[in-house]
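Accompanying notes for the structure given below.
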Amino acid sequence: MKNLKQIVCIPVATIIMSMGATQVLAETSMESGSTRVVEDTLVLKDPTVSASGKWVFGAALEGLYTNGPAKYNVGDQVESGTISGARPGLNLFAGYGDVTVNYAYRNGNADTTGLYHYATATNPFNYGQTFSSKINENEITVRWLLRDLSTTYFTPYLYAGYVDAKYDNTNTITTPGLVWANNNNSPTLLSTNEWKGSMLGIGGIIPLTKDYGFRLDGALTSTSATYTASNGGYATGTGLGSRFTGTMYYNIAQGWNIQAGGRYQYLNGGNAGSNYIAGVFAMIGYSYK
């Protein structure tokens, strides 16, 4: 009987332990479900994100200021300077579920300083010059959220896009007595650079609270470019480049938000010249969900 009691007691203890384990598992499961709701709520606070099966629409005014290196291939040498300027713009976007499409238009001006040509065998003159540009940019991007891979504070995404950047330039020699060749004896050369590039990249949304969070992404760019000038100059080229953007968003009130960040962009136009952007931007917008 002693042995029998021992045998009987063992399963009773096991049953008690199993009941306790069942309670713990049930509580953990309930907590996980609660956590998942919080995760979904946080990422939805990004003004550009819509819930599964739902729409989001929005618009934002943008200001972009750039200051960075400029390089120009003038045939016998590459001239370097610094390009800076501001370009206001407008963003329009719409999203459904995991997919969001954004269109951006920017228009502004930029000045390049520090350009100087040193005499070479093919162009035996030293001269300074001024260089200003009127800029028009059109850009469209498509983003796919990877919600199945998301965690509490990170939701990854893929994105693809297309950018068309057109610069109408005025290039004036400042050294007295010198003019551009084949340009009607004028020291001012008019030219146009245009870069058309596709983008493919990855990124992530980092929603820290219901009020603010971050977006970080990077992409590879593939660009074709053209250059035309008033003295008959013409060039085409292609190349690979890159683009990186970091953005912070902050929800002001119902639907209203501000965003700010930095961007680096390199559109490699090969023999037709390259386009560099290194700058900061700020946006104020409204999202309807």
Original post:
Which FRET efficiency value, to the nearest 0.05, do you get for TYR118 and THR228 by plugging their Cβ-Cβ distance into 1/(1 + (r/R0)^6) with R0 = 45 Å?
Top reply: 0.95
Subject >> Cα-Cα over 25 Å, subset of LYS45/LYS196; LYS45/LYS166; LYS166/LYS289; LYS196/LYS289; LYS54/LYS166; LYS71/LYS196 >> reply: LYS45/LYS196; LYS45/LYS166; LYS166/LYS289; LYS196/LYS289; LYS54/LYS166
Original post:
What is the distance in Å between the Cα centres of region 252-268 and region 201-245?
Top reply: 14 Å
Original post:
Which whole-Hz ³J(HN,Hα) couplings does region 103-108 yield from phi under the Karplus relation 6.51 cos²θ - 1.76 cosθ + 1.60, θ = phi - 60°, glycine and proline marked x?
Top reply: 10, 10, 10, 9, 9, x
Original post:
Which whole-Hz couplings ³J(HN,Hα) result when phi for each residue of region 114-122 is put into the Karplus expression 6.51 cos²θ - 1.76 cosθ + 1.60, θ = phi - 60°, listed in order with x for Gly and Pro?
Top reply: x, 6, 8, 9, 9, 4, 10, 5, 8
Subject >> ASN185 versus ASP168: modelled label distance in nm, points set 7 Å from Cα along the beta carbon direction >> reply: 2.7 nm
Original post:
Amide H neighbours of TYR116 under 5 Å, counting only residues 5+ apart in sequence or on other chains, H built in-plane at 1.01 Å?
Top reply: SER80
Subject >> Under 14 Å, Cβ to Cβ, from LEU64 - net charge with Lys/Arg +1 and Asp/Glu -1 >> reply: +1
Subject >> Net charge contributed by nearby residues that have their C-beta within less than 12 Å of TYR212 (K/R +1, D/E -1) >> reply: +1
Original post:
In the neighborhood of PHE131, defined by Cβ-to-Cβ distances under 10 Å, what is the net charge if each Lys or Arg adds +1 and each Asp or Glu adds -1?
Top reply: -2
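Only the coordinates and a few stated rules stand behind these numbers; no lab work does. The structure presented is a predicted model; accordingly, all values stated were derived computationally and were not measured. Every residue, glycine among them, receives a Cβ derived from its backbone with ideal geometry; neighbour counts consider all protein chains shown.
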